[in-house]
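The values are calculated or read from the model by the stated rules, or taken from the named source; none is laboratory data. Since this is a predicted model, take the numbers as computed values, not measurements. Here the Cβ is made from the backbone with ideal geometry for all residues, glycine too, and neighbour counts use every protein chain on show. The protein model used for the area step is the full one, side chains on, heavy atoms only, and it has no ligands, DNA or RNA in it. Shrake-Rupley method; radii C 1.70, N 1.55, O 1.52, S 1.80 Å.
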Amino acid sequence: LDVIVTQEVLNSKIKQAISIYGHIDVLVNNAGYVQAGLLEAVSDEKRMDQLNTNMFGSINMTKALPPYICEWKTGTIVFISSFFSWYAQPCGGAYAISKHGLAGENSLLTKERM
């Protein structure tokens, strides 16, 4: 599944999966890759590709599922972050930012909201 497609496509994929399997028990947001390089060496396009895949892709996948989870009153959403989101390494800034963003987004999802 390409997580950087439009929200409409992701919503459609979730709906298609539910029509095939009847239910989604767990969504594991683990899409990602490392775009390594010095700040001045990594293009803005590559940096945005990193953020769109690792952070916004997970966020958008998650946005597609709550209507169903609320209806079913069950479900689990998991975000896979990284040690490097807290302890960034040289040449790994774009990766660290993309994974650290998931920690903040995850705080918006609470059992009470679902």
**Asked** What number comes out for the charge environment of CYS91, summing +1 per Lys or Arg and -1 per Asp or Glu over other residues with Cβ under 13 Å away?
**Response** +1
**Item:** Percent RCO, i.e. relative contact order, over the chain, from Cα pairs under 8 Å lying at least 6 residues apart
**Value:** 33
**Message:** Run through region 59-105 and list the chymotrypsin sites (Phe, Trp or Tyr not before Pro) located in a DSSP loop whose Cβ has at most 10 other Cβ atoms within 10 Å.
**Reply:** TYR87
**Fill in**
In region 7-114, the trypsin sites (Lys or Arg not before Pro) that sit in a DSSP loop and have at most 11 other Cβ atoms within 10 Å of their own Cβ are LYS73, LYS111, ARG113
**Complete:** Between LYS63 and TYR87, the FRET efficiency computed from the C-beta separation at R0 = 25 Å comes out, to the nearest 0.05, as 0.30
**Request:** Using Rg/Rh (Cα atoms, Kirkwood Rh) as the read-out, say which of (i) 1.09; (ii) 0.96; (iii) 1.02 was calculated from these coordinates.
**Result:** (iii)
**Message:** Assuming a strict under-26 Å limit between Cα atoms, what lysine pair count do you get for the chain once near-sequence pairs (fewer than 8 apart, same chain) are dropped?
**Reply:** 15
**Request:** Take the Cα of GLU71, step 7 Å along the line toward its Cβ, and report every residue of region 9-28 whose backbone nitrogen sits under 18 Å from that point.
**Result:** 9-27
**Asked** Rounded to the nearest 10 Å², what accessible area does CYS70 show when all protein chains are kept and the probe is 1.4 Å?
**Response** 50
**Complete:** Per the charge dipole of the chain (beta-carbon charges, Lys/Arg positive, Asp/Glu negative, Cα centre), the residue among GLY93, ILE18, VAL42 reaching farthest to the positive end is ILE18
**Message:** Looking at the chain, identify the longest residue range that excludes and avoids all GluC sites (Glu not before Pro) in DSSP loops having at most 16 other Cβ atoms within 10 Å.
**Reply:** 41-111
**Asked** Counting each DSSP H run of 4 or more residues in the chain as -39500 (n - 2.57), what helix-only mean residue ellipticity at 222 nm follows after dividing by all residues, to the nearest 500 deg cm²/dmol?
**Response** -13500 deg cm²/dmol
**Request:** Report, in debye and to the nearest 20, how large the dipole of the chain comes out about its Cα centre when Lys and Arg carry +1 and Asp and Glu carry -1 on their Cβ.
**Result:** 300
**Request:** Obtain the nm distance between the two label points defined at SER12 and ALA103 by a simple spin-label model: each point lies 7 Å from its Cα along the Cα-to-C-beta direction.
**Result:** 3.7
